[in-house]
Amino acid sequence: DNVKVGQMQGEALMQALPKGNVYVLKGDPGDNNAKLFNAGAMKAMAPYVEKGDIKILGEQSVKDWLPANALQITENVLTQFQNKIDGVLAPNDGTAGGVIQALAGQKMAGKVPVTGQDAELAACKRIIAGTQLMTVYKSLNKLATESAKMTVALVKGENLPHPTVKNEGVDTMQLEPINVTKENIDLLVKDGLLKKSDFAKL
């Protein structure tokens, strides 16, 4: 549920602030997922914006989701607003890495909460270090298990095993994403995404 993913990012950022200036990065403009992530995030932040607690300084798409593009955008934004930025909504872990690199250049890494998604190892290291606020994990175990169940049901001509929703006319099962922070990051080891040896290095 990509709208839910964005909502979780927006909620986490609002809880971390919950007042100040926020800059919003969006994914590649040609990727429909990027629009869904952004819609969810903006929905979560809207009440804070309406109250006047949060000011969104601007929004920019990150072409091809490239960290280097996120880095350049953030450097320009920090210059434009004289470093007066309290939070950055980054749509995934790759762009978060670029944002945090730019913040580090101004000695602001760890002082400005930055969101993410995908539970990449580099992002997990940043979460442990305190420079990235959170990431959103989509359980590979659930994706694999539920995909297998659906495939078997379709081959046998049986009903799909779980309730589905229509997504552009296609029956779709939406799995619940997981908000990963420093407090619960060990669940990535339990789920098999990270090895204990990886985790020991974090």
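The values are calculated or read from the model by the stated rules, or taken from the named source; none is laboratory data. Just so it is clear, the structure is predicted and the values come from calculations on it, not from any experiment. For neighbour counting, all protein chains shown are included, and Cβ atoms are generated from backbone atoms with ideal geometry for every residue, glycine included. To get the accessible areas, we keep the full protein, side chains included, count just its heavy atoms, and leave off ligands, DNA and RNA. Shrake-Rupley method; radii C 1.70, N 1.55, O 1.52, S 1.80 Å.
For region 1-40, what are the residues that are buried (at least 18 other Cβ atoms within 10 Å of the Cβ), without any contact (Cβ under 8 Å) to a residue 60 or more places away in the chain and among the small types (G, A, S)?
A34, G40
Kindly establish whether T131 is in a loop (DSSP other than H, G, I, E, B) and either farther than 25 Å from L188 by Cβ or among the β-branched types (V, I, T) (or both).
Yes.
For region 137-148, check the following and say yes or no: at least one residue is part of a helix (DSSP H, G or I), closer than 30 Å to P18 by Cβ, among the hydrophobic types (A, V, I, L, M, F, W, C) and open to solvent by 30 Å² or more (accessible area, probe 1.4 Å).
No, region 137-148 contains no residue that is part of a helix (DSSP H, G or I), closer than 30 Å to P18 by Cβ, among the hydrophobic types (A, V, I, L, M, F, W, C) and open to solvent by 30 Å² or more (accessible area, probe 1.4 Å).
Can you pull out every residue in region 156-185 that is open to solvent by 50 Å² or more (accessible area, probe 1.4 Å), modelled with pLDDT of 90 or more and within 23 Å of the chain's Cα centre (by Cα)?
N179, K182, E183, listed by residue number.
Test E50 against the criterion of being farther than 21 Å from K138 by Cα, open to solvent by 30 Å² or more (accessible area, probe 1.4 Å) and in contact with a Leu (Cβ under 9 Å, 6 or more places away or on another chain), and give yes or no.
Considered against the rule, which asks whether it is farther than 21 Å from K138 by Cα, open to solvent by 30 Å² or more (accessible area, probe 1.4 Å) and in contact with a Leu (Cβ under 9 Å, 6 or more places away or on another chain), E50 comes out as no.
Going by what's in this entry, would G94 be described as surrounded by 13 or more Cβ atoms within 10 Å (Cβ to Cβ), free of Cβ contacts under 8 Å to residues at least 40 places away in the same chain, within 11 Å of the chain's Cα centre (by Cα) and closer than 19 Å to A41 by Cβ?
Criteria met by G94.
Specify which of the listed residues (A123, A102, A129) is of a type outside the set (K, R) and touching a Leu at 6+ places or on another chain (Cβ under 8 Å).
A102
For D1, only one of the following conditions fails: (1) within 30 Å of L175 (Cα to Cα); (2) at pLDDT 95 or above; (3) among the acidic types (D, E). What is its number?
Of (1) within 30 Å of L175 (Cα to Cα); (2) at pLDDT 95 or above; (3) among the acidic types (D, E), only one is false for D1: (2).
Can you tell me which residue in region 149-172 is farthest from D1 (Cα to Cα), limited to those that are assigned to a strand (DSSP E or B) and not acidic (D, E)?
V170
For (1) in contact with a Lys or Arg (Cβ under 8 Å, 6 or more places away or on another chain); (2) farther than 26 Å from A44 by Cα; (3) touching a residue at least 24 places away in the same chain (Cβ under 8 Å), each residue gets a yes or a no:
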{"residue": "G98", "(1), (2), (3)": "no, no, yes"}
{"residue": "G130", "(1), (2), (3)": "yes, no, yes"}
{"residue": "K142", "(1), (2), (3)": "no, no, yes"}
{"residue": "L160", "(1), (2), (3)": "no, yes, no"}
{"residue": "T181", "(1), (2), (3)": "no, no, yes"}
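Give me a count of the residues in region 53-91 that are open to solvent by 60 Å² or more (accessible area, probe 1.4 Å), over 21 Å from Q117 (Cα atoms) and either free of Cβ contacts under 8 Å to residues at least 12 places away in the same chain or of a type outside the set (K, R) (or both).
Total satisfying the criteria: 5.
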